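A quick write-up on the structure given underneath.
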Amino acid sequence: MSLKNKNETNAIRTQLARSPFLEHSNPLYLTSSFVFEDAEDMRASFAEEKERNIYSRFSNPNNAELVEKMCKLEGAEAGHTFATGMGAIFSTFAALLNSGDRILSARAVFGSTHSLFTKVFPKWQIETSYFDASDIEHLEDLILPQTKILYIESPTNPGLQILDLAYLGKIAQKHNLIFIVDNCFATPYLQQPIKFGADLVIHSATKLIDGQGRVLGGITIGRADLIKEIYLFSRNSGPSLSPFNAWVLSKSLETLSVRVEKHCDNAEKLAEFLNNHPKVVDTRYPFLKNHPQYALAKKQMERGGNIIAFEVDGGVQGGRNFIDEIKMCSLTSNLGDTRTTITQPASTTHSKLSVEERQHVDIPDGLIRVSVGLEHIDDIIADIDQALSRYHV
Ligand SMILES: *Cc1c(COP(=O)(O)O)cnc(C)c1O
């Protein structure tokens, strides 16, 4: 597969101007500040009469290169980088919302994002309404005059539901909402929400963008007028991405296409294996034909991604017993790594939810989430297969 917009080339060939040393690989600009030619240059720079680097909390060449690449990959006008994915999410909301504004969000969002909505933003009288991914026909009933942002993730974590981006884009436009998509699970290589009407796209670059479990990072990209506000907020509040991490992430993007293709090859094979395994109750993967939104997934994604969720017998304890039999795969909550990682949401990331709340967001107690890595698929399947046959319900 090759994307029409030549994503592979942009991810590799987008590069800063060379320094006088004519390096081939990009240099790392570890500097906290930048010098001025003279007093007039200093004045004009601070007056923002010219675009140039002043201080690395504001901008840095390595961060600029990462932003430029991500803008090309997502088809965005502008962007800004952050120390973490949560830094990007918090700063984006904080920059765009005023006290009294409301957020309309899908119920199934990343745990820390959910905590911002329920514990942090209410301190500033910013409240959130929720809708179920399976019930977007009634979404418009939830839009109030104060609603300013429509927020989703697709595929969702860990239920792997697919939300209809084109439909949501139309609703957002009709009601003048800012439509924001956390595109972390798909990456721009598999899904470009801006094409479907998203105003902003957010990534935890910690996941598949880095792809090797080394650095944390976040980025928001999209409409230039909104990015300007987000940039000014961050420049003053300081959640900046370190140039070193920006350099790592820009390098990581050079291999995004080959990594994601292989992640998807492996995930398709594992999903097929699990789907046919007698001890697996249910397997969820967007590109499995029995996924309830298979047709929609095909419409808006190039391939199904690298995350699979499957349910084993025995509820929370059954899931724990299964995990205790795993030998090779890593037991860690990070995802998008070269190494296959396994978690049980009900006993980890979603353990603070009540049983009813977990049912509401469609997380059965025996659900296992696998982030399929780049090891040989036979080894991944063999590890999961032996754990399935050995674990006791
Ligand atoms: C990990 C993650 C985040 C948060 O990113 P950090 O880099 O850990 O701050 C946000 N959204 C999704 C979907 C994630 O998986």
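The values are calculated or read from the model by the stated rules, or taken from the named source; none is laboratory data. Only a predicted model underlies this, so the values are computations on that prediction, with no experimental measurement involved. Cβ sites come from the backbone with ideal geometry, for glycine too, and all protein chains shown count toward neighbours.
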Quiz item: Can you list the strands (runs of 3 or more DSSP E) found entirely within the range 87-185 that contain at least 3 residues being out of contact with any Ser or Thr (no Cβ under 7 Å at 6 or more places or on another chain) and away from the ligand (no atom under 16 Å from the Cβ)?
Solution: 127-131, 147-153
Exercise. Only one of these is crowded, with 22+ Cβ neighbours inside 10 Å and touching a residue at least 40 places away in the same chain (Cβ under 8 Å): I377, I384. Name it.
Key: I384
Quiz item: Which residues, taken from the range 291-337, are in contact with a Gly (Cβ under 6 Å, 6 or more places away or on another chain), at pLDDT below 95 and within 28 Å of V181 (Cα to Cα)?
Solution: N334
Quiz item: Which condition does L66 not pass, out of (1) out of contact with any strand residue (DSSP E or B) (no Cβ under 9 Å at 6 or more places or on another chain); (2) farther than 30 Å from E140 by Cα; (3) of a type in the set (A, V, I, L, M), if it passes all the others?
Solution: (1)
Practice problem: Out of T338, T283, report the one residue that is in contact (Cβ under 8 Å) with a residue 24 or more places away in the chain, assigned to a loop (DSSP other than H, G, I, E, B) and among the hydroxyl-bearing types (S, T, Y). | Solution: T338
Quiz item: Are there any pairs, at least 6 apart or on different chains, whose C-beta atoms fall under 7 Å, with the first in the range 100-118 and over 16 Å from L150 (Cβ atoms) and assigned by TED's automatic domain parsing to the domain that holds T84 and the second more than 14 Å from the ligand (Cβ to nearest atom) and assigned to a loop (DSSP other than H, G, I, E, B), and if so, which?
Solution: G100/Q125; G100/Q146
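Residue by residue, here is whether (1) out of contact with any strand residue (DSSP E or B) (no Cβ under 6 Å at 6 or more places or on another chain); (2) within 15 Å of the ligand (Cβ to nearest atom); (3) not charged (D, E, K, R) holds:
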residue	(1), (2), (3)
H203	no, yes, yes
L208	yes, yes, yes
D225	yes, no, no
E254	yes, no, no
